[in-house]
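Here is the structure we will look at.
The values are calculated or read from the model by the stated rules, or taken from the named source; none is laboratory data. Treat the numbers as computed from the prediction; the structure is a model and nothing was measured. Glycine also receives a Cβ, built like all others from the backbone with ideal geometry; neighbour counts cover every protein chain displayed.
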Amino acid sequence: MTHSAAPAPARAAHYAGGAAKLTIDLTALRSNWSYLNDKVGNSCTCAVVMKANAYGTGAKVVGKTLYHTGARVFFVALPEEGIELRKELPHAEIYILNGLFRGREKIYYDFNLKPVLSSLEEITEWSVFAQSLTEDLPAALHFDTGMHRLGMSVEDALKTVGSPHFLKGIAVDLVMSHLACADTPGHELNIKQLDRFRRVCELFPNARKSLSNSAGMFLGADYHFDMVRPGIALYGGNPVPGGSNPMLPVAHILAEIISLREVPQGDPVGYGASRVAQRKSRIATISAGYADGLHRLVGSSDDQPNGARVYIGGRFAPIFGRVSMDMIAVDVTDIPQEHLSRGAPVEIMGAHVNVDELANFAQTIPYELLCSLGARYTRHYKR
Ligand SMILES: *Cc1c(COP(=O)(O)O)cnc(C)c1O
């Protein structure tokens, strides 16, 4: 038996298959960062939070793009994410939000990553390591002002500054905390956290201070301090829930119609026969499903007829029946015929179906939706 190798494709693009297309609009991304940077003014640094592959949009390209737009400070969750970013951005400041992982000091040192130290134990470990090198090492200190997830207590803060040996060898260049309820402006915890953070700040007169994520930036200038840490707003998520979204959409998903059919009144569509046509209907089957991050909750059934919608030929069309692994069915009865053909593009998310709307139907938040878009997409970057 001979194995004759298939001829190598000259250019992969010529062989583009049917995978749904995820386009990241870098012009919108740059504009979002600039908008937030302008909002906080010159005395405040607008950093970039890009954990989890820049919220699913692609860390390398996002990092480079925003560096060239003017961003200099970047936050990721893990040392691995920091290492990948360091390869792209040799001169950026990179903080690791999940702190100093036990025994991994050398990785941080080798790649010039700054841990966000969150306990006296982490401080001690970083300090011992720094002293072994006989050079001061930079770090941020994270204080818990009410979220109770990460960070040291205000008492720990007092202890830390009260006994200087704690911080021996550590150059504290940032003091930070994180808001639990910034997306609920009226929540009493916001002002409590602000007050507690101010008390901590007094103890570290020489370090930069940072409290706010995207939504926190919209609680007022009191919340800006020296640095803000937006994530979701950069990627188009609404930082002012309930209000109109000042951010531009960044992630756009297009998928194709792969099949069209007439379904008689009274006949069901999809798995479980959970949605029955109430009229003679035209159904388009689209090549994107829950394997592409379209959560099953965005589908519809006779009991839950309000599913999410897609955008075809200038109109919205509802998802009809359950979401399959690789497909959704859409009721296109009201879409003009000229937009309905095999291969026609359908907007799953983007300028018309915004990420917040789709997340809402999936009973989740845009953060989780973007992070779970999955690996199957062909990704394109629009410059
Ligand atoms: C994720 C994260 C951010 C960014 O939050 P968004 O709501 O996406 O703007 C900021 N700070 C910390 C500590 C975070 O973990």
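Just wondering, is there one or more residues in region 52-59 that are farther than 24 Å from Ala291 by Cα and surrounded by fewer than 19 Cβ atoms within 10 Å (Cβ to Cβ)?
For region 52-59, residues farther than 24 Å from Ala291 by Cα and surrounded by fewer than 19 Cβ atoms within 10 Å (Cβ to Cβ): absent.
So Glu105 clears everything in (1) at pLDDT 95 or above; (2) closer than 26 Å to Ala180 by Cβ except one condition, right? Which one?
(2)
Taking Phe361, is it on the phi < 0 side of the Ramachandran plot and either among the polar types (S, T, N, Q) or in contact with a strand residue (DSSP E or B) (Cβ under 6 Å, 6 or more places away or on another chain) (or both)?
Here the answer is no, as Phe361 does not meet what is asked.
Looking at region 135-232, what strands (runs of 3 or more DSSP E) fall wholly within it and have at least 1 residues that are acidic (Asp, Glu) and either over 21 Å from the mean Cα position of the chain (by Cα) or more than 10 Å from the ligand (Cβ to nearest atom) (or both)? If you could, list the steps in order and put the result at the bottom.
Details: elements: 137-142, 170-176, 208-210.
Those strands (runs of 3 or more DSSP E) span 170-176.
Yes/no per residue for (1) at pLDDT below 95; (2) at positive phi; (3) away from the ligand (no atom under 16 Å from the Cβ); (4) not β-branched (Val, Ile, Thr):
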position	(1), (2), (3), (4)
Asn32	no, no, no, yes
Lys60	no, no, yes, yes
Gly63	no, no, no, yes
Thr69	no, no, yes, no
Val73	no, no, no, no
Glu80	no, no, yes, yes
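Are any residues in region 166-178 free of Cβ contacts under 8 Å to residues at least 40 places away in the same chain and in contact with a Phe, Trp or Tyr (Cβ under 8 Å, 6 or more places away or on another chain), and if so, which ones?
Passing the criteria: Val172, Val175, Ser177.
It is to be established whether one or more residues within region 288-298 are of a type outside the set (Ser, Thr, Tyr) and more than 26 Å from Gln363 (Cβ to Cβ).
no
Considering only residues that are free of Cβ contacts under 8 Å to residues at least 60 places away in the same chain and not small (Gly, Ala, Ser), which ones fall in region 266-293?
Asp267, Pro268, Tyr271, Arg275, Val276, Gln278, Arg279, Lys280, Arg282, Ile283, Thr285, Tyr290
Residues in region 74-81: is at least one touching a residue at least 24 places away in the same chain (Cβ under 8 Å) and out of contact with any helix residue (DSSP H, G or I) (no Cβ under 9 Å at 6 or more places or on another chain)?
no
Report yes if some residue within region 245-253 is within 14 Å of the ligand (Cβ to nearest atom), assigned to a loop (DSSP other than H, G, I, E, B), surrounded by fewer than 16 Cβ atoms within 10 Å (Cβ to Cβ) and in contact (Cβ under 8 Å) with a residue 60 or more places away in the chain; otherwise report no.
Yes, because at least one residue in region 245-253 is within 14 Å of the ligand (Cβ to nearest atom), assigned to a loop (DSSP other than H, G, I, E, B), surrounded by fewer than 16 Cβ atoms within 10 Å (Cβ to Cβ) and in contact (Cβ under 8 Å) with a residue 60 or more places away in the chain.
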